[in-house]
Amino acid sequence: MTDRNFSSRRRGGQRYRPGRGQSFKPERGAWEARAEALGDKPGEESVFDTRRHEREILRAQNRAAGLPEDATDTPAVVGTAMDDIEKREYRQPHLDVPAEVREETAPPPAPAPASPPPTLMGTLKAAAQKVLQRVTGLVRKQEVTHKEIIINAESLETRVAVLEEGRLEEFTIERTEEERLVGSIFKGKVRNLEDGLKAAFVDIGFEKNAFLHYWDIVPASFDSNVELVERDDRGRREKPKVTQKDIPRLYPPGTDIVIQVSKGPIGTKGPRVTTNLAIPGRFLVLLPNSDQCGVSRKIENQEERQRLKKIVRNLTLPDGMGVIIRTAGEGQQARYFVRDLALLLEEWKAVQEKINTEPAPCCVFREPDLIERTVRDFLTDDVERIVVDNHASYERIRTMIGKISRRSASKVKFYNESQPIFDRFGITRQLQTAFARQVHLKSGGYIVVDETEALVAIDVNTGRHKSAKDPESTITKVNLEAAEEICRQLRLRNMGGLIVLDFIDMKSGKDRQAVYQKMKELLKRDRARTHVLPISQLGLMEMTRQRHTESVQESVYDDCPYCKGRGVVKSPLTMSVEIQRKLAEILKRRPRDESDFQLRVVVHPAVLERLRNEDEHLIIELEKRYFGKLSFRGEPTLHAEQFKIVNAITNEELASVGG
C-alpha cells in the first residue's frame with residue numbers, strides 16, 4: 001500500500017467546475033452566516049435581528065467614512081510560516097456528491113392526530129413513566145467531568161484557561177490596556193442628522209462620532225436564535241410606534257441619547273451604535289428599552305423550553321422592560337432567574353442614576369472585563385474550582401459569586417506558590433503545542449492550521465497512522481479524531497470568519513456524512529455561532545464561525561519585521577541571480593573608454609558565501625566579458641534581501657536594493 005492511497009492527496013491549481021445543467025446557488029442561511037462571521041459582533045448571544053438591514057447600514061457607514069459603498073471590514077494581514085510544499089496530486093471530484101452542497105434538513109414532522117381527552121388511567125401511566133425516568137437517571141452511573149477554571153491575572157494581561165480532565169478546552173486572553181468598547185453603554189449627544197444616509201452622528205467622547213443608523217433607532221425584532229414568549233400583561237401601556245419619519249423630530253441635533261456600542265471603530269469609521277440596549281447577566285439578558293421576552297433557541301429540549309417559558313411569564317418585570325433566557329439557564333431552578341433579574345435591575349438602576357446626573361458625553365455602563373465575564377459565562381455546577389493567582393482578583397471573584405450563590409464561593413481558591421500558575425497546571429506546555437502550525441493527533445495523524453487574510457485553512461493528514469489492512473476505516477478514524485481537534489482549535493485560537501477544512505479523501509458517502517455529523521455535534525458546545533456545510537465534491541468542508549474579537553494569533557503576535565509577515569525570505573541563490581543581473585546592467589552602461597572600472601558589492605554574509613563558492617566561476621566570467629573588476633564584502637547588519645553596489649574608486653553608490 002503506497003502513501004498515495006492515504007492521501008497525502010495533494011492537488012494542483014485546477015478546480016472543479018460544475019458542468020452544464022449544474023449550478024451552485026448557496027442557500028440563504030449560508031450567505032447570512034458568511035456575512036455575520038465576517039462582522040465584528042460581541043461575543044454575547046445575539047438578541048436583536050441585526051441582519052435584516054445590515055447591507056443598507058454598511059453602505060451608509062462606508063459613504064459616511066468616504067469609502068466605496070461595497071467595502072468590507074477586513075482584519076490586518078496575518079503572516080504564516082510556509083514549509084516546503086510537496087508536489088501535489090490532482091484530486092478528482094466525487095461526481096456522486098451533488099454539485100450544490102446543501103445542509104440536509106429534516107422533513108417537517110407529520111401533524112399529530114388529535115388526542116382523545118386524558119383519562120384517569122392515562123394520567124397515572126404518564127406520572128409513573130416520569131417517576132421511572134427520574135429513578136433510572138439517579139441509579140444510572142453518570143460520567144463526571146473534572147472541570148477547572150485557572151486565572152492568571154497580571155498588571156498588563158489577564159489569561160483564563162478552562163481545563164477538563166486536565167486538558168485545555170477554552171483559552172481567553174485580554175490586555176488590561178485595551179478599551180472594552182463593544183457592549184458598553186454611553187450617554188451621547190446627537191451632533192447632526194444625515195437624511196441622505198438615514199443616519200445620526202453621536203458624540204460619545206471619542207475622536208470620531210459614533211454612527212447611528214435610523215434602523216438602529218427603530219425598535220428591532222428578535223434574532224432568529226430567540227423565540228418570542230407572550231406574557232399576559234393586561235395592564236401594560238402600549239408604547240407609541242416609532243418609525244424612521246419620527247426620528248428627526250424625536251432626536252434633533254443637540255439632543256441627549258442613550259446608546260450601546262455594537263461595533264468598534266475600524267479604520268476611518270467611527271463606532272457603530274444602537275438604541276436597542278441589552279445587558280447580559282448569568283442566566284438572563286435584560287432589555288431596558290424593549291418589552292419583548294424570549295427564550296434562546298439553542299435550548300433544544302421542548303419540555304425544558306416550555307418550563308422556561310412558564311418561568312418568563314411568572315417573572316415580575318418593570319413596565320417597558322423585557323428579558324431573554326440565555327442558553328446557560330437550561331436546567332436551572334426558577335429562584336436563580338429571580339435572583340439574576342434582581343441583580344440586573346440593580347445594575348440598570350445604577351446606570352439610570354448616571355444617565356440622570358452626568359453630562360453627555362459619558363460612559364454609563366462599561367462592558368465587564370475578562371474576569372467578570374468568566375464568572376458570568378463559565379461558572380456552572382460542573383466546575384469544581386476556580387484557581388486565581390492574584391489576591392485582589394480572588395477577593396473580587398468571591399464577592400461576585402457570593403451574589404449569585406454563596407455555596408459556590410467556596411470553589412474559589414487562591415494560588416500563592418512560587419511556580420507560575422499556568423506551569424503548575426500544565427497549561428503552558430499545552431499552549432505551546434496547541435498554537436503550533438502543525439498539531440499532532442493521538443492516532444499519529446496531524447492537522448495544519450494556516451490563518452490568512454481571506455480565510456482560515458485547515459488540512460488533515462494521516463501522518464504515521466497507516467494500515468494496509470483497512471485503509472478506508474483508518475482514514476475515517478483519523479478524520480473523526482481531526483474533527484474533534486479542529487473544533488477545539490477553533491475555540492482555543494478564537495478563529496473566526498470563513499474556514500475551509502481539507503479532510504482526507506473518503507470514498508464512502510456514509511463516512512463523509514459521519515464526519516459532517518461529528519462536526520455539527522462538536523460545534524454545539526461552541527459559544528460562537530457557527531454554520532457548517534457538508535463535504536463537497538472536492539472533499540472540502542466549508543464553515544463560518546462568528547468573529548467575536550481578533551484571534552489569539554492577531555492579538556499576541558506582530559508581523560515579523562524581517563520578512564514583513566510573509567514567513568519567507570529570498571534564498572541566497574535568488575539573491576545571487578539578482579546581483580549578477582544588476583552588475584551586468586551597470587557594466588553594460590559604463591563608458592567604453594573607461595579602462596579601470598572597479599565595483600564593490602556589499603551583501604549579507606549568507607549571500608557572500610554563495611557568491612564565493614558555487615557562483616565564483618560566473619563572477620569571473622562576468623569580469624572577463626565586460627572588462628571590469630568586482631570585489632565583494634559581507635555586512636551582517638544588512639537584510640538578507642539587501643545589497644549595495646559602489647564604485648570602488650569614487651565611492652559613489654550606483655545601486656541599493658532591498659532593506
Boolean, residue 208 is part of a strand (DSSP E or B), open to solvent by 30 Å² or more (accessible area, probe 1.4 Å), in contact (Cβ under 8 Å) with a residue 40 or more places away in the chain and in contact with a Gly (Cβ under 8 Å, 6 or more places away or on another chain):
no
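Taking the condition of being open to solvent by 60 Å² or more (accessible area, probe 1.4 Å) and not polar (S, T, N, Q), how many residues in region 603-653 meet it?
Keep residues of region 603-653 that are open to solvent by 60 Å² or more (accessible area, probe 1.4 Å), which gives 609, 612-614, 616-618, 620-621, 624-625, 627, 629, 633, 636-637, 644, 649-653.
If we keep only those that are not polar (S, T, N, Q) too, we end up with 609, 612, 614, 616-618, 620-621, 624-625, 627, 629, 633, 636, 644, 649, 652-653.
Of the residues in region 603-653, 18 are open to solvent by 60 Å² or more (accessible area, probe 1.4 Å) and not polar (S, T, N, Q).
Can you find even one residue in region 607-617 that is β-branched (Val, Ile, Thr) and either touching a residue at least 40 places away in the same chain (Cβ under 8 Å) or under 30 Å from residue 495 (Cβ atoms) (or both)? Don't jump to the end; show me each part of the working.
First pass over region 607-617, keeping only residues β-branched (Val, Ile, Thr): 607.
From what is left, the residues that are either touching a residue at least 40 places away in the same chain (Cβ under 8 Å) or under 30 Å from residue 495 (Cβ atoms) (or both) are none.
No: zero hits.
Quickly run through region 308-338 and pick out the residues that are charged (D, E, K, R) and surrounded by 15 or more Cβ atoms within 10 Å (Cβ to Cβ).
The initial filter retains those residues of region 308-338 that are charged (D, E, K, R), namely 309-310, 313, 319, 326, 330, 335.
Hits for region 308-338 are 309, 326, 330.
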Flagged in region 271-294 as assigned to a loop (DSSP other than H, G, I, E, B) and either closer than 10 Å to residue 321 by Cα or open to solvent by less than 10 Å² (accessible area, probe 1.4 Å) (or both), in numbering order, are 271, 277, 281, 288, 289, 290, 291, 292
If we ask which residues in region 353-368 are open to solvent by 70 Å² or more (accessible area, probe 1.4 Å) and under 27 Å from the mean Cα position of the chain (by Cα), their number turns out to be 1
Please name all residue pairs, on different chains or six or more residues apart, with Cβ atoms under 7 Å, provided the first residue is in region 158-182 and is closer than 30 Å to residue 442 by Cα and open to solvent by less than 40 Å² (accessible area, probe 1.4 Å) and the second residue is assigned to a loop (DSSP other than H, G, I, E, B) and among the hydrophobic types (A, V, I, L, M, F, W, C).
163/425
If a residue must be surrounded by fewer than 19 Cβ atoms within 10 Å (Cβ to Cβ), outside any loop (DSSP other than H, G, I, E, B) and either without any contact (Cβ under 8 Å) to a residue 60 or more places away in the chain or acidic (Asp, Glu) (or both), how many such residues does region 531-571 contain?
2
Give the residues of region 369-404 that are open to solvent by less than 20 Å² (accessible area, probe 1.4 Å) and either without any contact (Cβ under 8 Å) to a residue 24 or more places away in the chain or among the small types (Gly, Ala, Ser) (or both), sorted by residue number.
393
Pairing a residue in region 573-586 that is of a type in the set (Ser, Thr, Tyr) with any residue that is in a helix (DSSP H, G or I) and open to solvent by less than 40 Å² (accessible area, probe 1.4 Å), where Cβ atoms lie under 9 Å and the two sit 6 or more apart in sequence or on different chains, gives 576/607; 576/611
Where residue 626 falls short, out of the listed (1) out of contact with any Leu (no Cβ under 8 Å at 6 or more places or on another chain); (2) modelled with pLDDT under 90:
(1)
Mind listing just one residue for me: the one in region 183-205 that is open to solvent by less than 40 Å² (accessible area, probe 1.4 Å) and outside any strand (DSSP E or B) and, of those, farthest from residue 357 (Cα to Cα)?
197
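Give me the residue from region 373-418 that is part of a helix (DSSP H, G or I) and of a type in the set (A, V, I, L, M) and, out of that set, farthest from residue 146 (Cα to Cα). Let's see the steps before the verdict.
From region 373-418, those part of a helix (DSSP H, G or I) are 373-378, 391-404, 407-411; that's our starting set.
Next, only the ones that are of a type in the set (A, V, I, L, M) stay: 375, 392, 397, 400-401, 404, 409.
Working: 375: 17, 392: 26, 397: 21, 400: 23, 401: 20, 404: 22, 409: 18 Å.
Filtering region 373-418 for residues that are part of a helix (DSSP H, G or I) and of a type in the set (A, V, I, L, M), the one farthest from residue 146 (Cα to Cα) comes out as 392.
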What number of residues within region 517-529 are within 19 Å of residue 263 (Cα to Cα) and either open to solvent by 10 Å² or more (accessible area, probe 1.4 Å) or not hydrophobic (A, V, I, L, M, F, W, C) (or both)?
2
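Kindly evaluate residue 185 against the criterion of being in contact with a Leu (Cβ under 8 Å, 6 or more places away or on another chain) and either over 30 Å from residue 383 (Cα atoms) or without any contact (Cβ under 8 Å) to a residue 24 or more places away in the chain (or both). It would help to see each step written out before you state the result.
Values: in contact with a Leu (Cβ under 8 Å, 6 or more places away or on another chain): yes; either over 30 Å from residue 383 (Cα atoms) or without any contact (Cβ under 8 Å) to a residue 24 or more places away in the chain (or both): yes.
The answer is yes for residue 185.
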Inspect all residues belonging to region 490-500 and state whether any of them is modelled with pLDDT under 90, closer than 15 Å to residue 551 by Cα, of a type in the set (Gly, Ala, Ser) and surrounded by 17 or more Cβ atoms within 10 Å (Cβ to Cβ).
yes
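The values are calculated or read from the model by the stated rules, or taken from the named source; none is laboratory data. Just so it is clear, the structure is predicted and the values come from calculations on it, not from any experiment. Every residue, glycine as well, gets a Cβ built from its backbone with ideal geometry; the counts of neighbours run over all protein chains shown. Note: areas computed on protein heavy atoms with side chains; ligands, DNA, RNA excluded. Shrake-Rupley method; radii C 1.70, N 1.55, O 1.52, S 1.80 Å.
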